[in-house]
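The values are calculated or read from the model by the stated rules, or taken from the named source; none is laboratory data. Please read these numbers as outputs of a predicted model, since none were measured by experiment. Because the Cβ atoms are built from the backbone with ideal geometry, glycine has one as well, and the counts that use them run over all protein chains shown. Remember, those area values only see protein heavy atoms, side chains included, never the ligands or the DNA or RNA. Shrake-Rupley method; radii C 1.70, N 1.55, O 1.52, S 1.80 Å.
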Amino acid sequence: MLSRSSFTSLVVGVFAVYVAHTCWVMYGIVYTRPCPAAAAGGGGGAAGCVWPYLARRPKLQLSVYTTTRSNIGAESNIDLVLNVEDFDIESKFERTVNVSVPKKTRNNGTLYAYIFLHHAGILPWHDGKQVHIVSPLTTYMVPKPEEINLLTGESATQQIEAEKQTNALDEPVSHWRSRLTLNVMVEDFVFDGSSLPADVHRYMKMVQLGKTVHYLPILFIDQLSNRVKDLMVINRSTTELPLTVSYDKISLGKLRFWIHMQDAVYSLQQFGFSEKDADEVKGIFVDTNLYFLALTFFVAAFHLLFDFLAFKNDISFWKKKRSMIGMSTKAVLWRCFSTVVIFLFLLDEQTSLLVLIPAGIGAVIELWKVKKALKMTIKWQGLRPKIQFGTYNDSERKTEEYDTQAMKYLSYLLYPLCIGGAGYSLMNVKYKSWYSWLINSFVNGVYAFGFLFMLPQLFVNYKMKSVAHLPWKAFTYKAFNTFIDDIFAFIITMPTSHRLACFRDDVVFLVYLYQRWLYPVDKSRVNEYGESYEEKPKKKSS
């Protein structure tokens, strides 16, 4: 079997190969090999090359239509909402128009936008060299539950619409996408007809002009810019809604990258991720530039590695631990309680799965650590479980005395603050339910004063003048992840209290590092397994 160090080296090696492979794939996406014949100076008649139609500098027009049908064959039953004559592909613009909402759409139907790029002065369906693309302007989501004051029953909006009383909260309703972002690939790039990139090929339309093959302008809709925060609920009384149409040119490399990212988000939704979860991923791509996005990828990769190594070393430490000497049992209990509360809070807030899944795994591990710390054993008597607790030796009881002493001082400060904060929020803040208030009260106490519950372990370290009993390998990996979390706090959408808690943990780790420097480990002290290096092994009696 592999030793622990060999297994760690294997994991790090696999991680390095994964990063290198991802960089190679990304390079293959961004870089496209041009047609060799055109690069060699073959001119417009180079065999096997596909030439850009935009190189002829045609006079173009942009038209945006809306309809309730996903396929149209003529100009019947469609509405023209935007017409840009003398369309300049190099100039960006943004325009807001009012769109008429049909009765079918108001009754939970779908409305589509047809975007045509065609020759100026010619209707789209009369132009053989037009290109078009279709995008739904509506999507289906469960409305966010209304928040009320639990004492007075007063709603946040002072009124409840009649439709919300008849519709169940868990029933998806039609939402309006208020933004439509268009792009045209403007590079005069000559493709190799024998090796067209599959991602771009599905957006290309070819025409034969003389002896050469040309591809018409590549029109692209940036679906990543459709964010949940821009969605509007479509009411039955709504007859018009605003639509912001924005345009900007795009390079070939960014176009291919954006296509792959949209496909990745679509795959997440196919695997069961909700619209909100997919929106968090969109925010990472849309709200940051490409250089910062590359940095985010590497940071996320290292965060994943350190998360795995921290979990591995933490489990290994507690699996082999036979004594609680020097370890604060109450700190372990509090850490378990706070981790479970944070997980339930994130679940209640419908936070992104990017944050929720690691929090859930951490909660399970903390529950297992409590079982080890309390020396619990579960025996089954038929269908009824029986829980038994182990006994502590003199050294462990001494540690427990320090632990109880520290918690006694903390209780004088923490309990009034937590109770007062819960009462204040009940009177002044609106919540979805009593459960939501209870979870928020717990989590606010955890976030605001949770670092104080780390003090019992610091107090035990101070009394014992030792830190040798702590799992320093796991602490090191968690410390790296804590500083990485500081970066993610500005990138991934999460509750403000959870974001502030990331910075709070920095202070705790710095204090632990100070104690590490203050109490250097020597071989006379008890190590993390409750053993001393100077203890001689007992000889077996003959």
Segment 362-373 - phi-based ³J(HN,Hα) in whole Hz, Karplus 6.51/-1.76/1.60, Gly and Pro as x
x, 5, 4, 5, 5, 5, 5, 5, 5, 4, 6, 5
With θ set to phi - 60° and the Karplus curve 6.51 cos²θ - 1.76 cosθ + 1.60, what are the ³J(HN,Hα) couplings of segment 336-343 in order, to the nearest whole Hz, using x for Gly and Pro?
5, 4, 5, 5, 5, 5, 4, 4
If one puts a single equal scatterer on every Cα of segment 230-273 and applies the Debye formula without solvent, what log₁₀ I(q)/I(0) results at q = 0.13, 0.19, 0.25, 0.28 Å⁻¹?
-0.58, -0.86, -0.89, -0.94
Expressed in angstrom, Rg and Dmax over the Cα atoms of segment 198-251 are 18.0, 57
What list of ³J(HN,Hα) values in whole Hz, one per residue of segment 299-312 in order, does the Karplus curve 6.51 cos²θ - 1.76 cosθ + 1.60 (θ = phi - 60°) give from phi, with Gly and Pro shown as x?
4, 5, 5, 5, 4, 4, 5, 5, 4, 5, 5, 5, 4, 4
What is the distance, in nm, between label points placed 7 Å from the Cα along the Cα-to-Cβ direction at Lys463 and at Tyr31?
6.3 nm
Accessible-area composition of segment 229-287, carbon plus sulfur, in percent [1.4 Å probe]:
51 percent
Between segment 51-72 and segment 343-413, what is the separation of their alpha carbon centroids in Å?
62 Å
At 0.36 nm per residue, and after removing the present C-alpha to C-alpha distance, how many nm does the segment from Ile361 to Val233 gain when stretched out fully?
42.6 nm
Which percentage, to the nearest 5, of the DSSP beta bridges contained in segment 182-279 is antiparallel?
65 percent
With each label point set 7 Å from Cα along the Cα-Cβ vector, what nm distance links Lys59 and Lys319?
7.5 nm
Listed by chain and number, the residues whose amide H is under 5 Å from that of Thr138, excluding neighbours fewer than 5 places away on the same chain and using placed H, are Leu111, Arg177
Taking r as the C-beta separation of Arg202 and Tyr519 and R0 as 45 Å, the FRET efficiency to the nearest 0.05 is 0.10
How would you rank 407-416, 254-263, 380-389, 111-120, highest first, on the average number of other Cβ atoms within 10 Å across their residues?
111-120, 254-263, 407-416, 380-389
How would segment 317-402 be classified by its alpha-carbon gyration tensor: rounded, prolate or oblate, with rounded meaning a/c under 1.5 and the a/b versus b/c comparison settling the rest?
oblate
